[in-house]
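Worksheet: the structure to be examined is printed underneath.
The values are calculated or read from the model by the stated rules, or taken from the named source; none is laboratory data. Keep in mind that this is a model prediction, so the values were computed, not measured. Ideal geometry is used to build each Cβ from the backbone, glycine not excepted, and the neighbour counts take in all protein chains shown. To get the accessible areas, we keep the full protein, side chains included, count just its heavy atoms, and leave off ligands, DNA and RNA. Shrake-Rupley method; radii C 1.70, N 1.55, O 1.52, S 1.80 Å.
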Amino acid sequence: MALSRCGRDTLRRVINGSIETRCDRITNPVLFSAHGLRYRKLEVILTTTIDKLGKAGETVKVAPGHFRNHLMPKLLAVPNIDKYAFLIREQRKLYQKEEEEMVTETKTDDAIKEQEAKMKEYQMAAKILDNARLVLRRYIQIDNDIRDPVTKEEIVAEVARQLMVNIKPENLHLPNPLKSLGEYEVPLRLPRDIPRPEGKIQWTLTVKIRRK
């Protein structure tokens with residue numbers, strides 16, 4: 001930041017020393033009388049980004065009066081000559097370094113916020129699953145044995161339909177399909193960063209299979 005201020009102060013001193021003479025020479029009505037000063041444009045280098053005109057460091061054409069009355073007094077632009085172009089290039093190097101650092105910091109902050117938002121979303125989904133009871137109905141064949149075993153894929157589909165939560169088969173610890181009526185506590189495989197439920201070792205999903 002100190003380097004940027006130093007560059008801006010240096011530019012101000014150089015401009016104040018010769019800008020008026022330079023501007024008067026460029027915008028002298030006698031010089032452009034044959035062409036019509038009213039329609040003549042000056043090439044200037046912008047020292048800062050201006051809406052609808054250009055970005056800092058760009059060379060643009062503006063009306064002499066606009067440059068003399070607005071851009072020059074506020075050091076928003078300088079004439080397009082070698083010594084000013086050199087100063088602007090050096091100044092932009094300092095600003096670009098600061099801008100890159102600011103962009104990096106912003107991206108880091110955005111990534112942290114995005115990660116925090118995802119963790120809150122995961123934790124909310126985990127609480128919904130842990131407090132819910134997923135009910136499935138099956139036909140039985142003998143005693144409590146069901147005709148069609150319940151698989152991971154079916155549980156995942158029912159979780160999306162009944163609880164409005166999207167999970168994947170790998171989020172369920174179910175080595176074998178469920179083959180009989182009853183209530184089951186199916187362990188959930190969730191990211192370790194999600195805090196465990198109070199009083200429990202792990203997140204679980206209650207699955208109850210009833211007779212159809």
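Tabulated results
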item: Sole exception among (1) closer than 27 Å to residue 141 by Cα; (2) at pLDDT below 90; (3) of a type outside the set (S, T, N, Q) for residue 193, by number; result: (1)
item: Tally, over segment 157-180, of residues that are touching a Pro at 6+ places or on another chain (Cβ under 9 Å) and either among the β-branched types (Val, Ile, Thr) or outside any strand (DSSP E or B) (or both); result: 4
item: Segment 155-180, subset surrounded by 11 or more Cβ atoms within 10 Å (Cβ to Cβ), farther than 17 Å from residue 123 by Cα and of a type outside the set (A, V, I, L, M, F, W, C), residue farthest from the chain's Cα centre (by Cα); result: 180
item: Strands (runs of 3 or more DSSP E) fully within segment 39-149 counting 2 or more residues that are open to solvent by 40 Å² or more (accessible area, probe 1.4 Å) and modelled with pLDDT of 80 or more; result: 59-62, 133-138, 140-142
item: Qualifying positions in segment 181-212 - crowded, with 16+ Cβ neighbours inside 10 Å, outside any strand (DSSP E or B) and touching a Phe, Trp or Tyr at 6+ places or on another chain (Cβ under 6 Å); result: 190, 194
item: Pairs, first over 11 Å from residue 181 (Cα atoms) in segment 128-144, second part of a loop (DSSP other than H, G, I, E, B), C-beta under 6 Å, six or more apart; result: 128/165; 130/197; 130/203
